[in-house]
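Taken together, the values in this text are just the output of simple stated rules run on the coordinates, not laboratory data. Just so we're clear, the structure is a prediction, and the values are computed from it rather than from any experiment. Positions of Cβ are backbone-derived with ideal geometry, glycine not excepted, and every protein chain shown enters the neighbour counts.
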Amino acid sequence: MRKTIAGLALCAGLALAAAACSGNDNSSGSGSGSAAPATTAAPKSGTVNLATTKFGQVLADGQGKILYIFTKDKANTSNCTGQCITNWPALKATGTPTAGAGIDASKLGTIQRSDDGSAQITYGGQPLYYFAGDQSAGQVNGQNVGGIWFVVGANGKPIKSTS
């Protein structure tokens, strides 16, 4: 019974956290003021791979965690800060990103984040993010959140499918 209640509470918390970055004004990343789910820091991974999901082949980090793009970002500029970056941690690099099998190395790059100065990996100029609600490799719980967060195909385009 406790596990069921804890699971429901976690789901409710994730839904509120996702909503924090799905409103009309995400330039500051401020949301409804909801607390973000308890998560560990985003792993730093310099490798971008392809992973097979129900949406097809999508970008993932070196450990198989799915990556997303935020459609309110501009080329080579992240507009996800504050509560937004808490819910959607950046894929950070400690050096030059590496292209795994099926990844076009010429599309990989980095930008310097304005909030903390770290290097965030981009693909085709689009900053890449994790979703805090994806707890293990291959999960795609962040797909189509708010109609502005999407998994990314090998071509660098958002996959806007919902099923």
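So which of Ile121, Ile103 is over 13 Å from the mean Cα position of the chain (by Cα) and either assigned to a loop (DSSP other than H, G, I, E, B) or closer than 18 Å to Phe70 by Cβ (or both)? Explain how you work it out, then say what you get.
Numbers: Ile121 fails: over 13 Å from the mean Cα position of the chain (by Cα).
Answer to the selection: Ile103.
Of all residues in region 99-125, count the ones that are crowded, with 22+ Cβ neighbours inside 10 Å and in contact with a helix residue (DSSP H, G or I) (Cβ under 9 Å, 6 or more places away or on another chain).
Looking only at that region, the number is 2.
Would you be able to tell me the number of residues in region 69-101 that are of a type in the set (Val, Ile, Thr) and touching a Lys or Arg at 6+ places or on another chain (Cβ under 6 Å)?
Our first condition is that a residue be of a type in the set (Val, Ile, Thr); within region 69-101, this holds for 69, 71, 77, 81, 85-86, 94, 96, 98.
Within this subset, residues satisfying the condition of being touching a Lys or Arg at 6+ places or on another chain (Cβ under 6 Å) are 94.
Summing the residues that are of a type in the set (Val, Ile, Thr) and touching a Lys or Arg at 6+ places or on another chain (Cβ under 6 Å) in region 69-101 gives 1.
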